[in-house]
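For reference, the structure discussed in these notes is given below.
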Amino acid sequence: MSLPDWANVSPERRAHIERVVALLKTWADAMHVDAKERDRWLRAGWLHDALRDAPFNDARAHGPAAADRAAAAGETDRGVLDAVRHHTVGSAGWDDVGRMLYLADFLEPGRDDDPERERLARWVPMQRDAVLREVIRRRIDWILRSGWPLPEAAVTFWNQLAGRS
Ligand SMILES: [Fe+2]
């Protein structure tokens, strides 16, 4: 797969999507997932921001819009669609696809050259859920600092993983 033909993305967005997919490939190889599961992760990577530069009133609408468009174009995998739909917020209902996409979207190397981000990305194959907790914590922290309301789904996602070793 590659970017769908209905995508609406700037060149910078395309580069971000390609880095997300590359990171998902790296992790799929390191975690020895089978070809079918690897393909699910990559489909979610290609789809998640495919409508990110389409005109919406609310930037958070791009996940649900991309999931609906992908379903209309024939994507039937519930885990892939849910990953795309909720990728900006997080979801306690996710399987591995949603979790891996959420991690890759945040940890891809083009966001900044924070060495801590790179370290977290390297730890994903060994300590996936511990890194996931750290990424959720950082994203919630950012929302709190910016003064925005905290989406309930983000809190539920955090509570699902908090306190586990
Ligand atoms: Fe993204």
- Test V124 against the stated conditions and say whether it is in contact (Cβ under 8 Å) with a residue 12 or more places away in the chain, under 22 Å from A15 (Cβ atoms) and open to solvent by less than 40 Å² (accessible area, probe 1.4 Å). yes
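Which residues, taken from region 63-75, are in contact (Cβ under 8 Å) with a residue 60 or more places away in the chain and open to solvent by less than 50 Å² (accessible area, probe 1.4 Å)? Working first, answer last.
So the first thing to find is which residues in region 63-75 are in contact (Cβ under 8 Å) with a residue 60 or more places away in the chain, and the list is 69-70, 73.
Within region 63-75, just A70 meets the criteria.
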- Query: Looking at (1) touching a residue at least 40 places away in the same chain (Cβ under 8 Å); (2) away from the ligand (no atom under 14 Å from the Cβ), which is the only condition P11 fails?
  - Reply: (1)
- Task: Tell me, yes or no, whether region 135-158 has at least one residue that is assigned to a helix (DSSP H, G or I), polar (S, T, N, Q) and open to solvent by 70 Å² or more (accessible area, probe 1.4 Å).
- Result: yes
- Task: Pull up region 35-62, narrow it to residues that are open to solvent by 40 Å² or more (accessible area, probe 1.4 Å) and part of a loop (DSSP other than H, G, I, E, B), then point me to the one that is nearest to the ligand (Cβ to nearest atom).
- Result: R52
- Those residues of region 92-108 which are farther than 19 Å from A50 by Cα and within 16 Å of the ligand (Cβ to nearest atom), in sequence order: W94
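The values are calculated or read from the model by the stated rules, or taken from the named source; none is laboratory data. Fair warning: this is a prediction, and the values are worked out from it, not measured in the lab. Positions of Cβ are generated from backbone atoms using ideal geometry, with glycine treated the same way; all protein chains shown enter the neighbour counts. In case anyone asks, the SASA skips ligands and DNA or RNA and just uses the protein heavy atoms, side chains included. Shrake-Rupley method; radii C 1.70, N 1.55, O 1.52, S 1.80 Å.
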